1. Given the options LEU42, LEU78, name the one that is among the aliphatic types (A, V, I, L, M) and within 27 Å of ALA115 (Cα to Cα).
2. Could you figure out which of (1) without any contact (Cβ under 8 Å) to a residue 40 or more places away in the chain; (2) buried (at least 17 other Cβ atoms within 10 Å of the Cβ); (3) in contact with a helix residue (DSSP H, G or I) (Cβ under 6 Å, 6 or more places away or on another chain) isn't true of GLY136?
3. Among LEU19, LEU38, LEU42, LEU10, which is in contact with a Pro (Cβ under 7 Å, 6 or more places away or on another chain) and not polar (S, T, N, Q)?
4. Name the residue that is farthest from VAL64 (Cα to Cα), counting only residues in the stretch 18-41 that are in contact with a helix residue (DSSP H, G or I) (Cβ under 7 Å, 6 or more places away or on another chain) and among the β-branched types (Val, Ile, Thr).
5. Taking THR58 as meeting all but one of (1) buried (at least 17 other Cβ atoms within 10 Å of the Cβ); (2) touching a helix residue (DSSP H, G or I) at 6+ places or on another chain (Cβ under 6 Å); (3) more than 15 Å from SER13 (Cβ to Cβ), write down the number of the exception.
6. Going through the stretch 61-82 one residue at a time, which ones are surrounded by fewer than 17 Cβ atoms within 10 Å (Cβ to Cβ) and either touching a Leu at 6+ places or on another chain (Cβ under 8 Å) or basic (Lys, Arg) (or both)?
7. Which of (1) among the aliphatic types (A, V, I, L, M); (2) under 16 Å from ILE128 (Cα atoms); (3) buried (at least 18 other Cβ atoms within 10 Å of the Cβ) is the odd one out, the single condition ALA33 does not satisfy?
8. Would you say VAL131 is farther than 16 Å from VAL18 by Cβ and part of a helix (DSSP H, G or I)?
Amino acid sequence: MIANPTAKRLKLSAAFVVLAGIVIAFGAWPATAWPVTLLADLTFWPPDGAQSLAAPETRLAYGVCGGVMAGWGVMIWLVADRLYDRDPQTARLLVLAGLAVWFVTDSAASLAAGAPLNLIVNLAFLAIFLVPLMLGGKARPA
């Protein structure tokens, strides 16, 4: 059986989120924090090198957030892999509900932290899931 193209696209998006989560989690270790430090510097425009992310509580937050993000990506992968072909409406609901809560919470927190440019990153992450879901329409179970 050939998997639903929407499920395949969701799995690709989920794999990207898992990898991004792992990179963010590596922000907990100073030796591997440069990608996250660069992203923070870009997010708090203009880039000036002022964001060191060296404080232990900052490194802890990146480790926890990266782990949660990687776990969220794995969950979406499993929804796409195990549920989408059987029950696309439930799979869409699960992914869309999680996206909505994440997007609103993360975006509001970004604004509160003085990092409005993070909304652009959030919109890109949102798009990698919304595009496959929109292209897939409201498919009926097989």
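1. On the way: LEU78 fails: within 27 Å of ALA115 (Cα to Cα).
Going through LEU42, LEU78 in turn, the sole match is LEU42.
2. Of the numbered conditions (1) without any contact (Cβ under 8 Å) to a residue 40 or more places away in the chain; (2) buried (at least 17 other Cβ atoms within 10 Å of the Cβ); (3) in contact with a helix residue (DSSP H, G or I) (Cβ under 6 Å, 6 or more places away or on another chain), the odd one out for GLY136 is (1).
3. Working: LEU19 fails: in contact with a Pro (Cβ under 7 Å, 6 or more places away or on another chain); LEU38 fails: in contact with a Pro (Cβ under 7 Å, 6 or more places away or on another chain); LEU42 fails: in contact with a Pro (Cβ under 7 Å, 6 or more places away or on another chain).
Going through LEU19, LEU38, LEU42, LEU10 in turn, just one is in contact with a Pro (Cβ under 7 Å, 6 or more places away or on another chain) and not polar (S, T, N, Q): LEU10.
4. Taking the stretch 18-41 first, the residues in contact with a helix residue (DSSP H, G or I) (Cβ under 7 Å, 6 or more places away or on another chain) are 18, 20-28, 32-33, 35-36.
Of the ones still in play, those that are also among the β-branched types (Val, Ile, Thr) are 18, 22-24, 32, 36.
Working: VAL18: 13, ILE22: 10, VAL23: 12, ILE24: 9, THR32: 15, VAL36: 13 Å.
Here the answer is THR32.
5. Failing condition for THR58: (2).
6. Of everything in the stretch 61-82, just one residue is surrounded by fewer than 17 Cβ atoms within 10 Å (Cβ to Cβ) and either touching a Leu at 6+ places or on another chain (Cβ under 8 Å) or basic (Lys, Arg) (or both), namely ARG82.
7. (2)
8. Details: farther than 16 Å from VAL18 by Cβ: yes; part of a helix (DSSP H, G or I): yes.
Yes, satisfied.
Each reported figure results from applying straightforward, stated rules to the coordinates on display, with no laboratory input. Predicted model, so just to flag it, every value in this text is computed and none were measured. Positions of Cβ are backbone-derived with ideal geometry, glycine not excepted, and every protein chain shown enters the neighbour counts.
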